[in-house]
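Engineer: Structure in structure tokens, see below.
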Amino acid sequence: MTPFIAEIIGTFLLILLGCGVTANVVLKDTKGHNSGWIVITTGWAFAVYIGVVVAAPYSGAHINPAVSIGLAAAGEFPWNMVPSYLLAQFLGAMLGASLVWLIYIYHFDRTEEKSLKLVVFSTSPAIKNIFANLLVEISGTFVLVFAVLFFTDATIVESDTVIGLGSLGAIPVAFVVWGIGLSLGGTTGYAINPARDLGPRIMHALLPIKNKGKNDWSYSWIPVIGPILGSVLAAFLYLVFQLV
């Protein structure tokens, strides 16, 4: 599997399960209807874990443009590979969102509130304020990328035997995303990933969803620019600490 394909598949799984848990909670007549924020944040954390487990051996499992940009800014990833990773991530996100719509199509039809249909695909602020919303996305992504930059591979080499965490190595990043969601996510829905928000938002605009309403494009730049700024800030501080 090439890194490009791995990033498509990893991001596809992330969005399929992440937007899927959101659909399960907010859409009408699902088994998980109104099950709450804990279910959503936990589902997204598991989605990250599964996406990372699948993609990590082949691409490093960025599955997030902010992670790719942050790692490159910190000198941990080549800049010339960033464009292909970003393209793969957006493609995977759009594919994942499309399948969520197909799986929950009858529940979309039964849900009357247009904003709930949009929230399955993209984030939206609880209180709309450009500065506050941007600050949250910067802060949440800063925590994510800063933590990722300090992750180490727990391996023990003894008698030519390498003992590592294997698939369990994906658990730390899932915990980080879970923690961000629980602590900061109630403000904006914690995109912390440009592909996670913009890719599905584009599909919301393109798919023939009944009575779907508007896409709130006026807000859409915040879940893109905020995470990028947060990732660059995390990379900068990481480099500073390496010099101390």
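Values in this text are rule-based calculations from the coordinates and carry no lab data. Keep in mind that what you see is a predicted model, and the values were worked out from it rather than measured. Neighbour counts are summed over all protein chains in view; Cβ atoms, including those assigned to glycine, are modelled from backbone coordinates with ideal geometry.
Engineer: What ³J(HN,Hα) values, in whole Hz, does the Karplus curve 6.51 cos²θ - 1.76 cosθ + 1.60 give for the stretch 101-110 when θ = phi - 60°, with x put for Gly and Pro?
Structural biologist: My calculation for the stretch 101-110 gives 4, 5, 5, 9, 4, 6, 6, 4, 4, 7 Hz in order.
Engineer: Length gain on complete extension for the stretch Ile5 to Trp37, per 0.36 nm per residue less the alpha carbon to alpha carbon distance?
Structural biologist: Gain in length upon complete extension: 8.3 nm.
Engineer: Glu112 to Ile171: extension gain in nm, 0.36 nm per residue of separation minus the Cα-Cα distance?
Structural biologist: Length gained, Glu112 through Ile171: 17.5 nm.
Engineer: What shape does the stretch 48-140 have by the C-alpha gyration tensor, where a ≥ b ≥ c are the square roots of the eigenvalues, rounded means a/c under 1.5, and otherwise prolate means a/b greater than b/c and oblate the rest?
Structural biologist: oblate
Engineer: Something else now. Output ³J(HN,Hα) for the stretch 26-40: one whole-Hz value per residue in order, computed from phi by the Karplus curve 6.51 cos²θ - 1.76 cosθ + 1.60 with θ = phi - 60°, and x for Gly and Pro.
Structural biologist: Result, ordered by residue: 9, 7, 6, 6, 8, 5, x, 4, 6, 7, x, 5, 4, 5, 5 Hz.
Engineer: Starting at the first residue of the stretch 113-122, write each ³J(HN,Hα) from the Karplus equation 6.51 cos²θ - 1.76 cosθ + 1.60 with θ = phi - 60°, in whole Hz, x for Gly and Pro.
Structural biologist: Each residue of the stretch 113-122 in turn: 6, 5, 5, 5, 5, 5, 5, 5, 8, 9 Hz.
Engineer: How far apart, in nm, are the 7 Å Cα→Cβ label points at Lys128 and Asn215?
Structural biologist: 1.6 nm
Engineer: What residue among Leu118, Leu233, Leu102 shows peak mean-square fluctuation when the chain is described by a Gaussian network model with Cα springs under 10 Å?
Structural biologist: Leu102
Engineer: Also: Who wins for biggest fluctuation among Asn133, Asn80, Asn193 in a Gaussian network model of the chain, springs between alpha carbons below 10 Å?
Structural biologist: Asn80
Engineer: For Phe151, Phe12, Phe108, which order do you get if you count the other beta carbons within 10 Å of each Cβ and list the fewest first?
Structural biologist: Arranged by neighbour count, lowest to highest, Phe151, Phe12, Phe108 become Phe151, Phe108, Phe12.
Engineer: Turning to a different aspect of this structure: Would you pull out the residues with amide H under 5 Å of Lys28's amide H, same chain only if 5 or more places away, H placed 1.01 Å from N?
Structural biologist: Thr111
Engineer: How large is the dipole of the stretch 3-243 about the Cα centre if only Lys and Arg carry +1 and Asp and Glu carry -1, each at its Cβ, rounded to the nearest 20 debye?
Structural biologist: Dipole about the Cα centre, nearest 20: 940 debye.
Engineer: Sort out for me the Cα centre separation of the stretch 206-238 from the stretch 66-85, rounded to whole Å.
Structural biologist: That distance is 19 Å.
Engineer: Arranged by the count of other C-beta atoms within 10 angstrom, fewest first, what order do Arg201, Arg196 take?
Structural biologist: Arg201, Arg196
Engineer: Could I ask something else about it? Give me the distance between the Cα centres of the stretch 30-57 and the stretch 173-199, rounded to whole Å.
Structural biologist: 11 Å
Engineer: While we're looking at this one, here's another question. Just rank Trp217, Trp178, Trp44, fewest to most, by other beta-carbon atoms within 10 angstrom.
Structural biologist: Trp217, Trp178, Trp44
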